[in-house]
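The values are calculated or read from the model by the stated rules, or taken from the named source; none is laboratory data. All values reported here derive from a predicted model rather than from experimental measurement. Glycine gets a Cβ as well: all are built from the backbone with ideal geometry, and neighbour counts include every protein chain shown. All accessible areas refer to the heavy atoms of the entire protein, side chains included, with ligands and DNA or RNA removed. Shrake-Rupley method; radii C 1.70, N 1.55, O 1.52, S 1.80 Å.
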Amino acid sequence: MTGHEFKIVRIAATVALGGFLVGFDATVISGAVPFIREFFGLHGSAGSLKLGWAVSCLGWGAMAGNLAAGSLSDRFGRRSVLLLTAVLFLASSLASAFSARFAVFVAARICGGLGVGAAILTAPVYIAEMAPARSRGSLVSLNQLMIVIGISISFFSNYFLLSLGMESWRWMLGVQAVPAGLYFLLLTLVPESPRWLLSKGRGASARAALAALHGPEAALRELEIIQANLVKKSRHIGIRELLSGRLKRVMVFGFGIAFIQQATGINAIFYYLPTIFASSGGELSTSLAQSVLVGLVNVGVTFVAIWLIDRLGRKPLLGIGLFGMTLSLLTICWAFHSVHASHETVVLIAIIAYVASFAISLGPVMWVLLSEIFPNEERAAAISVVGFWNSLVSASVTLLFPMELATWGPAGTFLAYGLVAAAGLLFIVILAPETKGKTLEELEGILTQPKQVLAL
């Protein structure tokens, strides 16, 4: 690895720490669920709905963060938005940990959701804009790797903090202040996106940033490619414009894959993982230990996805993963429906297989594709809209999960997720493009021609 390559990896890894906070903040609530249910008195049918709101409100906040991220990052820069997310994560963790009223707790979690929504979109865009084409998939996937590491660490943290008793949920939520503060400090050391600088007419700054990233000669070549593509000045992009004309096909694909990623139940499973394991017969401490195992599998398989994404390609990984997710979800449905006493073990194995299948496919690949398929000029706006839709589906699924368990039972709930995964597999086979090894400018020419059909 050359000095310039190492610098790019270091910057990408720093920015991807936002993914760690996204993953940690999203799933740390799983360990706190039994305690906040008791502390805030969330019992009965009304209590189940309020519990769903307490868990899902981060997703509703993420929707606002999604919508704001595009315009803010276009106006103020990618790095400035990431710095703001670090502040939001810090404030959310401390406010939720010290909250004594349900409304304050919800407001604090929504604040964290704003950070989640902005970070989950801005970090991959930043990395994609500064990474070379040959390694862009792997580098953008670092953000997803940090998300799953954050998820895994939250499970570890919850398990070890459980011994603190009924107030342990405050420590579970408050410990995030440490990595949030560290993220803010590290972000002050990274440069702004060269493509954003150039779009704002700051050619000298863009040239200097590219030279620092790729070296003087490679920087000139990269600069010429970007300049040739940025024939228009940055301008406001409306939703109507995104959904018509040359972007119609890539927007349809973006909405589709964003729906599939969340409607297959991944966040509902992660947010309520100890609850699901308890439903299959385990105690709380055992359920938290099983969650740690699932988190480790999630991290390990994400490493495999990063290794394969620029070798095997995006579309094959999506196909393999969705096939595995479909089988796993239907197996979980069968296990809960079965009267056999051994279904606790079957549920554990099937959930591990489901998470592994997600981690090698929809987890990292969706965000890589979303950072690649939209043109430079419309990328931030398009990803904001698609990200908003992704968060809306996620928040809805998470909100309704406790009610679905009460109404349909675990078997019916996982059957619904399995059928969505099967439909998603068909969607990917028909519509998913392959973007491996192509520059962002090449992909714009391939995917956004008015009469061009997406390459299968």
Return the FRET efficiency for the residue pair residue 5, residue 323: r is the Cβ-Cβ distance, R0 is 35 Å, and the value is rounded to the nearest 0.05. 0.50
How would 171, 389, 367 rank on accessible area, largest to smallest, probe 1.4 Å? 171, 389, 367
For the stretch 333-456, with all protein chains present and a 1.4 Å probe, just round the carbon and sulfur fraction of the accessible area to a whole percent. 72 percent
Sticking with the crude label model, points 7 Å out along Cα→Cβ, report the distance from residue 135 to residue 13 in nm, one decimal please. 1.1 nm
Segment residue 296-residue 102, length gained on full extension (0.36 nm per residue, minus Cα span): 66.6 nm
Say R0 is 22 Å: what FRET efficiency, to the nearest 0.05, do residue 76 and residue 188 get from their beta-carbon distance? 0.90
Pulled fully out, how much extra length does the chain show between residue 177 and residue 400, if you take 0.36 nm times their separation in residues and subtract their Cα-Cα distance? 77.4 nm
Mind ranking 291, 48 by accessible surface for me, highest first, 1.4 Å probe? 48, 291
Probe 1.4 Å, all chains present, heavy atoms only: residue 79 accessible area in Å², nearest 10, is 70 Å²
Quick one: accessible surface of residue 271, probe radius 1.4 Å, all protein chains present, in square angstrom to the nearest 10. 10 Å²
Let's test the formula: R0 of 45 Å, r as the Cβ-Cβ distance of residue 218 and residue 156. What FRET efficiency results, to the nearest 0.05? 0.65
Nearest-20 debye value, the stretch 61-140 charge dipole, Cβ charges on Lys, Arg, Asp, Glu: 80 debye
Taking the Cα centre of the chain as the origin, how large is its charge dipole in debye, to the nearest 20, when only Lys and Arg (+1) and Asp and Glu (-1) carry charge on their Cβ atoms? 1040 debye
Accessible area of the chain divided out per residue, in Å², using a probe of 1.4 angstrom: 38 Å²
Determine how large the accessible area of residue 57 is when every protein chain is in place; take a 1.4 Å probe and give Å² rounded to the nearest 10. 0 Å²
Over the stretch 80-139, with every protein chain in place, what whole percent of the accessible area is carbon and sulfur at 1.4 Å, could you tell me? 77 percent
Number of Lys pairs in the chain closer than 12 Å at Cα, excluding neighbours under 8 places apart unless interchain, is 4
Fully extended, how many nm does the chain gain between residue 312 and residue 43 (0.36 nm per residue separation, minus their Cα-Cα distance)? 92.0 nm
